[in-house]
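S.K.: Here it is, the structure, as structure tokens.
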Amino acid sequence: MKTLVILISGRGSNMQALLNADLNVDRIIVISNNPQAEGLQIAQRQGVETYVVDHRNFKDRKDFDEVLAGKIAEFQPKLVALAGFMRILSDDFVHRYQGRLINIHPSLLPAFPGLATHDRALREGVKIHGCTVHFVTPQLDHGPIIIQAAVVVLPEDTETSLANRVLQQEHRIFPQAVRWFVDDQLKLTGDMVQIEINHTCMSQITLYSPGLTE
Ligand code: GRF
């Protein structure tokens, strides 16, 4: 049984992109640290199993992470996908799931780890911005990169317009990365990720670069 666990904290649009993607999995479980996450209702409306592990019920991160890790372990997931999960995970948690824990981040890592990525990109005047799906390691927003999408920064961009264009690309590359993983097409050697389809290395498809109008 191939199970995908998706962790969310809020809106859930990346979760929705995964639910829409018709992935080759037998079971999808959505878990949130936030009982109010909009994504929970979206998942429930689609008949997806949801659970809440509310971080506010724990005295510290370690306790929360232990219970969360235990909850996830009940499902023996092939993959745990962080889809806008806004908690920093402890090293113990990351080590337990390392190699089957991936994250979507709204910047071209290693640029702009952390929060407010679009605002920071505009302030720095970068001409190119985007999003990254990567394996999670103990270092925040760092880890072997699976796929990136690049977005041109336009002179008239605001934080919102840029965020919207990046988000569209997140919804393309996240399902793609998850599909590769669940179909056993990702090969992780050290810090390098390769895509192997029918024994052929396809690394040229790991940068998605839409045109100006997309
Ligand atoms: C996305 O921009 C994702 O890259 C970041 O948090 C945001 C979550 O959005 N990690 P959503 O909940 O998936 O709509």
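The values are calculated or read from the model by the stated rules, or taken from the named source; none is laboratory data. None of the values given here were measured: they were computed from a predicted structure. Counting neighbours? That spans all protein chains shown, and the Cβs are built from the backbone with ideal geometry, glycine included. When the accessible area is computed, the model is the full protein with side chains, heavy atoms only, and any ligands, DNA or RNA have been set aside. Shrake-Rupley method; radii C 1.70, N 1.55, O 1.52, S 1.80 Å.
S.K.: When both residues are 6+ apart or on different chains and their Cβ atoms are under 7 Å apart, which pairs have a first residue that lies in the range 126-137 and is open to solvent by 10 Å² or more (accessible area, probe 1.4 Å), and a second that is within 11 Å of the ligand (Cβ to nearest atom)?
M.R.: Close Cβ pairs (under 7 Å, with a partner that is within 11 Å of the ligand (Cβ to nearest atom)) amount to Val136/Leu82; Val136/Asn103.
S.K.: Starting from the range 1-29, keep only residues that are touching a residue at least 60 places away in the same chain (Cβ under 8 Å), then list their pairs with residues that are near the ligand (Cβ under 9 Å from one of its atoms) and open to solvent by 50 Å² or more (accessible area, probe 1.4 Å) whose Cβ atoms are within a distance under 6 Å, requiring at least 6 positions of separation or different chains.
M.R.: If the second residue must be near the ligand (Cβ under 9 Å from one of its atoms) and open to solvent by 50 Å² or more (accessible area, probe 1.4 Å), the pairs left are Ser9/Met86; Arg11/Glu38; Gly12/Glu38; Ala17/His171.
S.K.: How many of the residues making up the range 85-98 are open to solvent by 30 Å² or more (accessible area, probe 1.4 Å) and touching a residue at least 60 places away in the same chain (Cβ under 8 Å)?
M.R.: Residues meeting the conditions: 2.
S.K.: Just the residues that are in a helix (DSSP H, G or I) and closer than 12 Å to Val5 by Cα, please, taken from the range 73-105. Before the answer, list the steps.
M.R.: Just the residues of the range 73-105 that are in a helix (DSSP H, G or I), to begin with: 73, 91-97.
Across the range 73-105, the qualifying residues are Ala73, Tyr97.
S.K.: Go through the residues of the range 166-187 one by one and say whether even a single one is over 17 Å from the mean Cα position of the chain (by Cα) and within 12 Å of the ligand (Cβ to nearest atom).
M.R.: There is no residue in the range 166-187 that is over 17 Å from the mean Cα position of the chain (by Cα) and within 12 Å of the ligand (Cβ to nearest atom).
S.K.: Also: Hey, among the residues in the range 99-118 that are open to solvent by 20 Å² or more (accessible area, probe 1.4 Å) and more than 13 Å from the ligand (Cβ to nearest atom), which one's nearest to Asn14 (Cα to Cα)?
M.R.: Taking the candidates together, the pick is Arg100.
S.K.: Now for a different question. If you go through the range 52-81 one residue at a time, how many are acidic (Asp, Glu) and open to solvent by 70 Å² or more (accessible area, probe 1.4 Å)? Quick ask: steps written out before the conclusion?
M.R.: Of the residues in the range 52-81, the ones acidic (Asp, Glu) are 54, 60, 63, 65-66, 74.
Right, trim to open to solvent by 70 Å² or more (accessible area, probe 1.4 Å) and you get 66, 74.
So the answer is 2.
S.K.: I've got another one for you. For the range 1-51, enumerate the residues that are near the ligand (Cβ under 10 Å from one of its atoms), in a helix (DSSP H, G or I) and open to solvent by less than 10 Å² (accessible area, probe 1.4 Å).
M.R.: Listed by number, the residues that qualify are Met15, Leu18, Gly39.
S.K.: Suppose we keep only residues that are part of a helix (DSSP H, G or I) and modelled with pLDDT of 95 or more within the range 52-61. Which one would you say is nearest to Ala81 (Cα to Cα)? If you could, list the steps in order and put the result at the bottom.
M.R.: Here is the first cut: in the range 52-61, the residues part of a helix (DSSP H, G or I) are 55-57, 61.
Now restrict to residues that are modelled with pLDDT of 95 or more: 55-57.
On the way: His55: 18, Arg56: 22, Asn57: 23 Å.
Ranking the candidates gives His55 first.
S.K.: May I pose another question? If I filter the range 154-165 down to residues being under 14 Å from Lys127 (Cβ atoms) and surrounded by 13 or more Cβ atoms within 10 Å (Cβ to Cβ), which single residue comes out as farthest from the ligand (Cβ to nearest atom)? Give the derivation first.
M.R.: In the first step, residues of the range 154-165 are kept if they are under 14 Å from Lys127 (Cβ atoms); the result is 154-157, 162, 165.
When the remaining residues are screened for being surrounded by 13 or more Cβ atoms within 10 Å (Cβ to Cβ), the result is 157, 162, 165.
Working: Asp157: 16, Leu162: 11, Arg165: 12 Å.
It comes out as Asp157.
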